[in-house]
1. Taking the full set of protein chains and a 1.4 angstrom probe, give the accessible area of F55 in square angstrom, rounded to the nearest 10.
2. Return the distance in nm (one decimal) between the two label points of a simple spin-label model at L283 and E85, each offset 7 Å from Cα along Cα→Cβ.
3. I120: accessible area at probe 1.4 Å, nearest 10 Å²?
4. Considering only protein heavy atoms, what is the solvent-accessible area of K4 at a probe of 1.4 Å, reported in Å² to the nearest 10?
5. Can you tell me, using C-alpha contacts under 8 Å and at least 6 residues apart, the relative contact order of the stretch 9-72 as a whole percent?
6. What does the extension gain come out to for R51 and E78, with contour length at 0.36 nm per residue minus their alpha carbon separation?
Amino acid sequence: MPQKKIRTLELARVGKWGLDGSEITRKDIAELAETFSGKRPVIVGHDVTDRAPKFGDVIDIWSSTDGNSIIGPVIFSEIGDKLYEGGYYDGWSISMPRRSKDGKRVLHHLAILGAIPPKIPGLEELSQVAVNFSTNTKEAAKSRYQFSGQIPEKEDNDTMTDEEKKAMDEKDAEIAELEKENKSLKEQVAAKQAATEVAAAAAEAAVETDSSDDKFSDMQKQLGELKAARRQERLEGFARDIAEKLPAGIADKAKTLAGHVEAVGAFDFSDNGKTEKRDALWLLGEVLRNWPQPVKTGASNFNYGDNINGENPIDWAAAAKKM
């Protein structure tokens, strides 16, 4: 199984560095560890174009236990490894700009340096371990070395045989496969539960909708009945008002017209330059109630009694004898 070396490097340290006195603070170290979100490239020198190749990756970073250094496991490419081990590029430094959204430091890249010395002198390779591709390289590097400010002599306590390593790798692969299957089963169960909940919610909503529709229909029906009864009362009142004013034939036509006029409801009516809202049926009744009475011929409408009730009519024969 292919192997690669993980080199755990001290990437930067608190202090003022270089000819310009650039300062790195404990806050900067903490921000670098906080904002790291994925592997960052290893390049030769800082001044490169976007077409330049990378020579490895920084796969993780963390602060030392005293918070004074930032540490990271680095895997060089085959060419990067030869350049580093051959002593052509055996120094390094990082680019740590501030991101615009919150001003926090981020690790942009790790540059391996040759002829130009790094700004921070004395940075150390803290440990080196060969691992298989199947191993969790981040955890392998982090558990292998945790820099605390003092750099002890390097030591290799790896006493496992190749057979033991192979068996452990196979066991890790088996566990990973089981975890994958378990995750898949959990997702399937969750999906089924979600689908059941959605279906139940939809059914409940449908029942509520049906119930609401029924109530609305009943209410609309009752409202229609009340409006019809009120309309009938208004038309009957109109008929009574005009009964004595109009001849029977005209009154019937007026009732028919009133049925259409009642549907108009209220409208803006202008009278003597003044506009007001009037009820159409009431206005029609007012017009008909104030219509002049027709002139009747003959004397049938005169009372010939000697009192207003006409209970003692005049005795015309007796009156004639006295003349």
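The values are calculated or read from the model by the stated rules, or taken from the named source; none is laboratory data. Fair warning: this is a prediction, and the values are worked out from it, not measured in the lab. So basically every Cβ, Gly included, is an ideal-geometry build from the backbone, and we count neighbours across all protein chains shown. Protein only, heavy atoms only, side chains kept; ligands, DNA and RNA dropped before computing areas. Shrake-Rupley method; radii C 1.70, N 1.55, O 1.52, S 1.80 Å.
1. Approximately 40 Å² for this residue.
2. 10.6
3. 20
4. The accessible area of K4 comes to roughly 80 Å².
5. Values: 92 pairs, mean separation 26.3, N = 64.
Relative CO of the stretch 9-72 lands at 41 percent.
6. The span from R51 to E78 would gain 7.8 nm if fully extended.
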